[in-house]
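The values are calculated or read from the model by the stated rules, or taken from the named source; none is laboratory data. Nothing here was measured: the structure is a model prediction, and the numbers come from that model. Positions of Cβ are generated from backbone atoms using ideal geometry, with glycine treated the same way; all protein chains shown enter the neighbour counts.
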């Protein structure tokens, strides 16, 4: 059930991306709450898995893959729509590729990706709901605001007098998301590399 919820996010994402390029501003505006639902679904699958005691390495990997796909696709699409600087998807892509490369090795050693964190600080930055939840919220806010901005971007300026305020809010949320992305990625690169190196030494013995 949890994995099904995780995977259904992908076709929903594709539908949203297609409609974000629709010329009708009302269609784009209607996507804002849909994007919020798509982001919330990331938490629902985890809750269901834990309640049913069905957590697994596969489920963890699929959850990370789906979450990363949603995030990267949205950043690339919003950059393509000229709503954010190209630097945003470039930063997030570089961080994501290296972090996921480290995490992808974990299952080979019988570890879930989040088990690569061994220090209190690392676990707090990567696994703690005190960081994960605000990160998810600010990403959702950024994506929703950018979807709204995409709607007003296709109407004449005199019809969207609040456009500048919306743009400022969207940019602030975007860059806060990027900051969270970097801060939560560094521990995986540092601690994950150390843990995997130790595992490889143990396996060699």
Number of positions in segment 4-32 that are part of a helix (DSSP H, G or I) and farther than 24 Å from residue 61 by Cα: 11
Are there any pairs, at least 6 apart or on different chains, whose C-beta atoms fall under 6 Å, with the first in segment 132-154 and more than 17 Å from residue 29 (Cα to Cα) and the second assigned to a helix (DSSP H, G or I), and if so, which? 135/180; 138/173; 138/176; 138/177; 139/177
Residue pairs qualifying under the 9 Å Cβ cut-off, at least six apart or on distinct chains, with the first in segment 100-128 being within 18 Å of residue 65 (Cβ to Cβ) and the second being at pLDDT below 75 and part of a loop (DSSP other than H, G, I, E, B), are 105/111; 106/112; 112/55; 112/56
Count - residues of segment 28-40 that are surrounded by 17 or more Cβ atoms within 10 Å (Cβ to Cβ) and at pLDDT below 85: 1
Every pair of residues 6+ apart whose Cβ atoms lie under 9 Å, when the first sits in segment 57-69 and is more than 12 Å from residue 103 (Cβ to Cβ) while the second is surrounded by fewer than 16 Cβ atoms within 10 Å (Cβ to Cβ) and at pLDDT 75 or above: 62/7; 66/7; 66/10; 69/10
